[in-house]
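Only one structure is covered here, and it is reproduced in the block below.
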Amino acid sequence: MEEEGEDVKLLGAWPSPFSYRVLWGLKLKGISFQYEEEDLARKSSALLRYNPVHRKIPVLVHGEKPIAESTVILEYIEEAWPQKNDHPLLPQDPLERAEARFWTKFVEDKNPTFFRYFRSTGVDQEQATEEAKQVLKAIEDYAELQIGKEGKKFFRGGTIGITDLTLGWISWWLKAMEEAVGVKLLMETTDEAEEGPFPNLSRWMKNFREDPVIRDNLPDFDDLVLYFKRLRHNFIATSD
Amino acid sequence: METVKLYGAWPSPFSYRVIWALKLKGIPFEYIEEDLSSKSPQLLQYNPVYEKVPVLVHGGRPICESMVILEYLDEKWPQQPLLPSDPYKRAEARFWVKFGEDRGPSVWMIYRTEGEKQEKARRDALEMLTILEEHGLNGKKKFFGGDNINIVDIAFGGIAHWMGVIEEITGVKLIEDNKFPLLKAWMHNFKEVSFINENLPNREKMVAFFRARRSMILSSA
């Protein structure tokens, strides 16, 4: 049996949505951990040792054994602490688990699309924006069934699960990116009478951001916008 | 017992991942061959998001994405496990599965492109193979799964049988003669396993099919 205060470290970086997925997962499950901020411009020798293949955060280090890739880490968290079962991140039923994994993978596989939206300009930007909107539409269709028709608060149900954690970045980071890029994707409306193109997704985003664990564990929005503005500027400057 | 149906396509390595898993576990199933140029209404209904094979249908309920299907099979039919039981080893396996899913398309990009795009794809594919050789297989026994095949071996099965076909058709050599000894040994061992060996598409048929299809892809690019 594992004990409280055992050796659990999370190597992360404050602007990274991938980092936050793991942080949220650990907090929701009530697992104590030590957080170590990585400077992505000057990666520590520890990070390079723990994740030699990708040299990226997040890395979870449990008793000196490293696990990399945020969605892999989330599955690990779910399995390594079976006694922490107040908040399961995955459903029990294998078919429902398959559905959760399908959508988790779908969201992860679309990272390049949003990355292109973020770093491109001109015609490339327009194309990437269109693709990103199609991705959001596909998620909206799924949200229409889950959040709209079945009335769930989250994709997992009444509580946040792995699909929600994986998608969570759009409720905060994507909005910050929109500010930096100057092109809207989500078109969330503050007026409840007016519905944007993604009403169910908007409902889900609101539920996600308002969850106490999530709400208390988000990077400062203005800092994030500034960070993304600088990052985009660098991408554009070096792409010619 | 509820029926198990697999919608697949003979040229698809993703389709074969599921066939291998079903055969390994001794799960009886009905196989439905899809014509990818003329997809059945059932396939489109079962996989509206991607409209792709493979799709596993268990008792009328569809599961899509080959690696998601494999995790499902492992949970419903625990015999001949695809994943180890230890959580850390499971995380390691899932890490490599994701690596394969993320980087594998570079090999297919060599097939689908030419010129500069193909050259970039070749570099990406070589990087993937190098990482597999140096980090994935280094210190391993016969397979990623140890003495026996596991989910990671199955995930990389495309490298063992489809990659050579792509090399032949495109003339882009990835596995040069003196390089990648561990990968070469793994490919050989993988194809020798009976349930893999007995379930591989015919190579000549593959070369003909993919050669023709590449012409079509390049002419419409």
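The values are calculated or read from the model by the stated rules, or taken from the named source; none is laboratory data. What you are looking at is a predicted structure, and each value in this text was computed from that prediction instead of being measured. Glycine gets a Cβ as well: all are built from the backbone with ideal geometry, and neighbour counts include every protein chain shown. To get the accessible areas, we keep the full protein, side chains included, count just its heavy atoms, and leave off ligands, DNA and RNA. Shrake-Rupley method; radii C 1.70, N 1.55, O 1.52, S 1.80 Å.
Some observations on this one:
- Scanning segment A:98-138 for residues that are over 15 Å from the mean Cα position of the chain (by Cα), within 21 Å of A:I160 (Cα to Cα) and either among the small types (G, A, S) or not assigned by the TED database to the domain that holds A:A176 (or both) turns up A:A98, A:A138.
- Helices (runs of 4 or more DSSP H) completely within segment B:45-125 that count 2 or more residues being crowded, with 22+ Cβ neighbours inside 10 Å and more than 14 Å from chain A (Cβ to nearest Cβ): B:105-112
- Some residue of segment A:40-50 being more than 18 Å from A:W169 (Cα to Cα), facing another protein chain (nearest Cβ under 9 Å) and either outside any helix (DSSP H, G or I) or more than 19 Å from the chain's Cα centre (by Cα) (or both): no
- Qualifying residue in segment A:54-71 (condition: farther than 15 Å from A:S16 by Cβ, in contact with a helix residue (DSSP H, G or I) (Cβ under 6 Å, 6 or more places away or on another chain), of a type in the set (D, E, K, R) and part of a helix (DSSP H, G or I)): no
- Counted residues, segment B:146-178 - those being touching a residue at least 40 places away in the same chain (Cβ under 8 Å) and farther than 17 Å from B:S15 by Cβ: 8
- A search for C-beta distances below 9 Å between a residue of segment B:118-131 that is within 15 Å of B:G171 (Cα to Cα) and any residue that is buried (at least 16 other Cβ atoms within 10 Å of the Cβ) and among the charged types (D, E, K, R), counting only pairs 6+ apart in sequence or on different chains, returns B:Q118/B:R112; B:A121/B:R112; B:A125/B:R103.
- Pairs linking a residue in segment B:70-81 that is at positive phi to a residue that is of a type outside the set (G, A, S) and open to solvent by less than 30 Å² (accessible area, probe 1.4 Å), with Cβ atoms under 8 Å and 6 or more positions apart or on different chains, are B:Q80/B:K25.
So that you can scan it fast, the table gives a plain yes or no per residue for (1) in contact with a Phe, Trp or Tyr (Cβ under 8 Å, 6 or more places away or on another chain); (2) at pLDDT 95 or above; (3) closer than 24 Å to A:D164 by Cα:
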| residue | (1), (2), (3) |
| --- | --- |
| A:K9 | yes, yes, yes |
| A:G12 | yes, yes, yes |
| A:P17 | yes, yes, yes |
| A:V22 | no, yes, yes |
| A:K29 | yes, yes, yes |
| A:Y50 | no, yes, no |
| A:V61 | yes, yes, yes |
| A:E75 | no, yes, yes |
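- Residues that are open to solvent by 40 Å² or more (accessible area, probe 1.4 Å) and basic (K, R), drawn from segment A:20-36: A:K27
- One residue alone among B:M128, B:M163 is closer than 22 Å to B:E114 by Cα and away from chain A (no Cβ under 14 Å), and that residue is B:M163.
- Only one entry of B:G139, B:G164 meets the criterion of being at negative phi and out of contact with any strand residue (DSSP E or B) (no Cβ under 9 Å at 6 or more places or on another chain), and that entry is B:G164.
- Single match in A:P17, A:P58 (criterion: open to solvent by less than 60 Å² (accessible area, probe 1.4 Å), closer than 30 Å to A:K175 by Cβ and in contact (Cβ under 8 Å) with a residue 60 or more places away in the chain): A:P17
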